[in-house]
Amino acid sequence: IGEWVSPGTRFPLETAHDADVGRNSLLIYQLTSNPSFSLAMKESPDGNNQPELVLERALDREKQSSFEMVLTAVDAGDPVRSGTIKIRINVTDANDNPPVFAQDQYRARLREDAPLGSRVLNVSASDADTGNNARITYGFGKMPAKVLQRFMVDTESGMITLKEILDFEDTRGYTLLVEARDGGGLVAQCKVVVEVLDVNDNAPEITILSLSSPVPEDAPVGTVVALLNVNDPDSGENGQVSCELSGEAPLSIVASSGGSYKVVTASALDREEVSEHRVTVVARDRGRARRGRGRGRVGCVEANGNAPVFSQAEYTVRVPEDVPVGSVLIAVTATDADEGLYGQVKYS
């Protein structure tokens, strides 16, 4: 009997036969007590009573898959004689149970450098039905194409694996909808939350926002020479950056807000000593100490920092008293270490 059969349905039973005649062959039927079934009699055209089994309440194969009863036929003779037959009822399964996942929601963590084919996790569903109605296949529900490209699920085992490289800086997590479908078409769904773990796969990036070059050599200490922005797309310590200058330039770097830095003069400049400084900014993160570098040149423009210097501190000239007016007595020479207008010397 199928578990989908409605209460009140009747099932004919085998009729007993008695070789006696008259009262000795009058048959009365009895059924062992069972709340799910009862016995009813149906009069057949030949006048004999036909025993029928009546379903009293709905069956549930998952609660009880079989029943055993005894049907007894008793005659009305004296002494009373009887015959019995065992009735065994097997309840046939209906696909009245959908698959059920072991968890409504699963969580997994996966490093962004996980190789292709890495196992994410295994989902599992069960079905209380039997046979084909309990055979479960797995698949993904409706999700964005970007998610479907990254993962795959084994239809038989429910194992979810990685089929495309992850990138924490692109997407930090995925939500997968996994479906379990039984052979009768009933579907259950669960959610799988995959957290992508960051690895230190990005070096700091240095962007020069502005660069003042050349810088006057008489610029005061603390003059801003360059503005920088340093960015590391990694997270946590992998994205925490510190900066420093390499080389011996009279400059220093000062942290500002929002990943910005200022390169400023740390001492007086002297163009005559060094006319150009090559500056290298080194940025290090706190992960595996990945580095980023930025380079620039800072020229030093002349300031009038030098006085003219004569070739001699003192000149001695002997002049005859009858020398004509306008005669050249001596040529004096002075030089100035400055450049441009600051290096042009006038005499008086």
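Brief remarks on what is shown
- Taking only the C-alpha atoms of the range 9-90, Rg followed by Dmax gives 14.3, 47 Å.
- Size of the range 4-156: Rg and Dmax of its alpha carbons, in Å, are 27.9, 93.
- Segment residue 23..residue 336, full-extension length gain: 97.4 nm, with 0.36 nm per residue of separation and the alpha-carbon distance subtracted.
- Simple label model, 7 Å out from Cα along Cβ direction - residue 237 to residue 315, nm: 7.3 nm
- Net lengthening on full extension, residue 175/residue 135 (0.36 nm per residue, minus Cα-Cα): 11.8 nm
- Label point distance in nm, residue 149-residue 122, each placed 7 Å from Cα along Cα→Cβ: 3.0 nm
- Per residue, the chain exposes 60 Å² of solvent-accessible protein surface, assessed with a 1.4 angstrom probe and all protein chains in place.
- Rounded to whole Hz, the Karplus (6.51, -1.76, 1.60) HN-Hα couplings of the range 126-142, x for glycine and proline: 10, 9, 6, 6, 10, x, 5, 5, 9, 7, 10, 10, 10, x, 8, x, 6
- Summing Cβ point charges (Lys, Arg +1; Asp, Glu -1) relative to the Cα centre of the range 9-90 gives a dipole of roughly 300 debye.
- Taking the Cα centre of the chain as reference, the dipole from Cβ charges on Lys and Arg (+1) and Asp and Glu (-1) amounts to some 660 debye.
- For the chain, the Kirkwood estimate of hydrodynamic radius, built from reciprocal distances between every pair of different alpha carbons, is 31.2 Å.
- As a fraction of the 1.4 Å probe accessible area of the range 100-197, surface on carbon and sulfur atoms comes out at 48 percent.
- Every pair of different Cα atoms in the range 100-197 enters the Kirkwood calculation, which places the hydrodynamic radius at 13.8 Å.
- If R0 is 25 Å, the Cβ-Cβ spacing of residue 111 and residue 205 corresponds to a FRET efficiency of close to 0.65.
- Charge dipole (the chain, unit charges on Cβ, about Cα centre) - positive-most of 344, 35, 4: 35
- Taking chymotrypsin sites (Phe, Trp or Tyr not before Pro) as exposed when their DSSP state is a loop state and no more than 16 other Cβ atoms lie within 10 Å, the longest site-free interval of the chain runs over 5-314.
- In the range 99-142, Rg over Rh equals 1.09, where Rg is the alpha-carbon radius of gyration and Rh the Kirkwood radius from pairwise Cα distances.
- Separation between Cα centres of the range 243-276 and the range 118-175, rounded to whole Å: 55 Å
- Here's the picture: a label point sits 7 Å out from the Cα of residue 15 along the beta-carbon direction, and within the range 81-110 nothing has its amide nitrogen under 12 Å of it.
The values are calculated or read from the model by the stated rules, or taken from the named source; none is laboratory data. All values reported here derive from a predicted model rather than from experimental measurement. Virtual Cβ from ideal backbone geometry, glycine too; neighbours counted across all protein chains shown. Just so you know, the surface numbers come from the protein's heavy atoms only, side chains and all, with ligands and any DNA or RNA stripped out. Shrake-Rupley method; radii C 1.70, N 1.55, O 1.52, S 1.80 Å.
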